[in-house]
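Trainee: Okay, handing you the structure first.
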Amino acid sequence: MIRPTEDLVREHGDILAMIQVVKEMVRRLEAGEPVDPDHIEKAIYFIRNYADKYHHAKEEDLLFPAMHEAGIPKEGGPIGVMLAEHDEGSGYIATAAAAVERYRQGDAGAGAEIAANLRNYAGLLEQHINKENQVLYPIADAHIDQTGQTELRWIFDKVNSKPDMVAEHDTCKAILMELDPIYLGDPDEEQ
Ligand SMILES: [Fe+2]
Ligand SMILES: [Fe+2]
């Protein structure tokens, strides 16, 4: 059986790939280079739907409750920190999203606002993901017993195969495939 946390680590890989794209968007914005507002909206769509709706929902609704049931406190401990960071990230994204329309209309201040919030988001999520991979998931693996792991596996598979989740997953992966070469280029080309 593939451990449920292995799914989440794999999803972190996709989120980190989008964070690389976002960091390049931030670099360009801060350098005063134009960034297509549609691309910013697509990156935000990915973050809201893949990172939040798809990935964080699995953590918040399924993994964390299973950890709690296995005796790990919900408040104060590592789970509480993870939840607070999910909220903090959503806040940065909401502020960036609210500025996109103004940026589209040529407001340079809006560009700086987007850059600052995406920069904060990228930094937060990189260290958040690192903590989950290195600390939180190993705690989950060690504390959730075999029955709990099997139950989580079953429900993760059910969520993963829901038609609306499959569609959202595919849409988000397509966004990543579209933006990646525009912002990170083809590494072979640089040689
Ligand atoms: Fe998380
Ligand atoms: Fe995560």
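Values quoted throughout were computed directly from the atomic coordinates according to the rules given, and no laboratory measurement underlies them. Since the structure is predicted, the reported quantities are computational estimates derived from the model, not experimental observations. Positions of Cβ are backbone-derived with ideal geometry, glycine not excepted, and every protein chain shown enters the neighbour counts.
Trainee: Can you give the three extents of the C-alpha atoms in the stretch 4-180 along their principal axes, from longest to shortest, in whole Å?
Mentor: Answer, in whole Å and largest first: 56, 35, 21 Å.
Trainee: Give me the one-decimal nm value for the distance between modelled label points at ALA142 and GLN105, 7 Å along each residue's Cα-to-Cβ direction.
Mentor: According to this spin-label approximation, the distance is 5.4 nm.
Trainee: OK, next. Between the stretch 137-167 and the stretch 1-68, what's the alpha-carbon centroid distance in Å?
Mentor: Distance between centres, Cα-based: 19 Å.
Trainee: Taking 0.36 nm per residue of sequence separation and subtracting the Cα-Cα distance, how much length would be gained by fully extending the chain between GLN134 and TYR45, in nm to one decimal?
Mentor: Working: separation 89, 0.36 × 89 = 32.04 nm, distance 2.72 nm.
The span from GLN134 to TYR45 would gain 29.3 nm if fully extended.
Trainee: While we're on this one: So what is the relative contact order for the stretch 78-191, in percent, with contacts set as C-alpha pairs under 8 Å and at least six apart? Intermediate results must be reported in sequence, preceding the final value.
Mentor: Working: 37 pairs, mean separation 22.5, N = 114.
Computed value for the stretch 78-191: 20 percent relative contact order.
Trainee: Still on this model: For the stretch 39-86, which GluC sites (Glu not before Pro) pass both filters: DSSP loop (anything but H, G, I, E, B) and at most 12 other C-beta atoms within 10 Å?
Mentor: Details: sites: GLU41, GLU59, GLU60, GLU69, GLU75, GLU85; in loops: GLU75.
In loop regions of the stretch 39-86 (DSSP not H, G, I, E or B), the sparsely surrounded GluC sites (Glu not before Pro) are GLU75.
Trainee: Ranked highest first by the average count of other Cβ atoms within 10 Å around their residues, in what order do 32-39, 152-159, 2-9 fall? Provide the component values of the computation, followed by the final result.
Mentor: Values: 32-39: 13.0, 152-159: 15.2, 2-9: 17.6.
In descending order of packing, they fall as 2-9, 152-159, 32-39.
Trainee: So if each residue of separation counts as 0.36 nm, and I subtract the Cα-Cα distance between GLN20 and TRP154, what length gain in nm does that give?
Mentor: On the way: separation 134, 0.36 × 134 = 48.24 nm, distance 3.20 nm.
Contour length minus Cα-Cα distance gives 45.0 nm.
Trainee: Would you mind calculating the relative contact order of the stretch 4-180 from Cα pairs under 8 angstrom and at least 6 residues apart, reporting the percent as a whole number?
Mentor: 38 percent
Trainee: Same structure again: Using the 2.2 N^0.38 Å rule of thumb for compact globular proteins, work out how the stretch 80-160 stacks up: its C-alpha Rg over that value, please. Please report the intermediate quantities before stating the final value.
Mentor: Numbers: Rg = 18.1 Å, N = 81, 2.2 N^0.38 = 11.7 Å.
The stretch 80-160 yields a ratio of 1.55.
Trainee: Quick one: angle between helix 108-131 and the longest Cα principal axis of the chain, in degrees between 0 and 90, rounded to 10, please.
Mentor: Around 30 degrees separate the two axes.
Trainee: As a check on your grasp of the helix formula, calculate [θ] at 222 nm for the chain: sum -39500 (n - 2.57) over DSSP H runs of n ≥ 4, divide by the residue count, round to the nearest 500.
Mentor: Working: 8 runs with 137 residues, N = 191.
Mean residue ellipticity at 222 nm (helix-derived): -24000 deg cm²/dmol.
Trainee: A further question on this structure: With the cut-off at 22 Å, tell me which of the pairs LYS58/LYS162; LYS42/LYS173; LYS23/LYS162; LYS23/LYS74; LYS42/LYS158 have Cα atoms farther apart than that. Working shown, then result.
Mentor: Working: LYS58/LYS162 13 Å; LYS42/LYS173 11 Å; LYS23/LYS162 32 Å; LYS23/LYS74 32 Å; LYS42/LYS158 27 Å.
From LYS58/LYS162; LYS42/LYS173; LYS23/LYS162; LYS23/LYS74; LYS42/LYS158, over 22 Å: LYS23/LYS162; LYS23/LYS74; LYS42/LYS158.
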